[in-house]
Amino acid sequence: MMKSDSYFEFEERFRGSTQEIKSRLSSYDGLINYILNNIDSPKILDIGSGRGEWLEKCRDMGIESIGIENNNQMISFCQERGFKIVPGNALETIEQFDSDYFS
């Protein structure tokens, strides 16, 4: 089992750089534009936010997003970048939000 403090390094090495992931996420631009054109003030939930690439993508395109993450190193990284992130287990943490809070 991997130590939680090494998960960030694991992501960097095996998932790809933040820039690579952001590039891959460009395939969702059509969906994001659809959301922006059809939902007033959309709010998106990102479960397992990791380094926050999806949160950044949504923010850059004008969608409010909130992440749920259970890795303390990833939480700190996202908070330092100004992302809205809620620490905790997804199934337990999601209960904090009203059922119609997210688009």
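The values are calculated or read from the model by the stated rules, or taken from the named source; none is laboratory data. For clarity, every value in this text was computed on a predicted model and none was experimentally measured. Methodologically, a virtual Cβ is constructed for each residue, glycine included, from the backbone with ideal geometry; neighbour enumeration extends over all protein chains shown. Protein only, heavy atoms only, side chains kept; ligands, DNA and RNA dropped before computing areas. Shrake-Rupley method; radii C 1.70, N 1.55, O 1.52, S 1.80 Å.
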Quiz item: Out of ILE44, PHE83, SER6, whose Cα points farthest toward the positive end of the dipole of the chain (charges: +1 Lys, Arg; -1 Asp, Glu; placed on Cβ)?
Solution: SER6
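What's the local net charge at SER65, with K and R +1, D and E -1, over the other residues with C-beta under 13 Å away?
-1
Less than 14 Å Cβ to Cβ from PHE97, Lys/Arg counted +1 and Asp/Glu -1: what total charge do the surrounding residues give?
Net local charge, PHE97 excluded: -4.
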Practice problem: Assign unit charges at the C-beta atoms only (+1 for Lys and Arg, -1 for Asp and Glu), then state the dipole size of the chain relative to its Cα centre in Debye, rounded to the nearest 20. | Solution: 300
Quiz item: In the set (1) 0.97; (2) 1.10; (3) 1.34, which value of Cα Rg over 2.2 N^0.38 Å was calculated from the structure you see?
Solution: (2)
Practice problem: Take the alpha carbon gyration tensor of region 49-103, find the square roots of its eigenvalues, order them as a ≥ b ≥ c, and report rounded if a/c is under 1.5; if not, report prolate when a/b exceeds b/c, else oblate. | Solution: oblate
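Would you mind calculating the relative contact order of region 51-103 from Cα pairs under 8 angstrom and at least 6 residues apart, reporting the percent as a whole number?
Values: 51 pairs, mean separation 16.6, N = 53.
Relative contact order comes out at 31 percent.
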Practice problem: Report, by chain and number, residues whose modeled amide H sits under 5 Å from the one on VAL86, excluding near sequence neighbours (fewer than 5 apart, same chain). | Solution: GLY67, ILE68, GLU69
Practice problem: Roll a 1.4 angstrom probe over the protein heavy atoms and tell me the percent of accessible area of the chain that is carbon or sulfur. | Solution: 48
Quiz prompt | Mean residue ellipticity (222 nm) of the chain, computed from DSSP H runs ≥ 4 via -39,500 (n - 2.57), nearest 500 | solution = -10000 deg cm²/dmol
Quiz prompt | ARG15/TYR101 FRET efficiency (R0 30 Å; Cβ-Cβ; nearest 0.05) | solution = 0.60
Quiz prompt | Residues of region 19-103: accessible area per residue with a 1.4 Å probe, Å² | solution = 60
Quiz item: Taking the Cα-to-Cβ direction at SER26 and at GLU92 and moving 7 Å from each Cα, how far apart do the two end points lie in nm?
Solution: 4.0
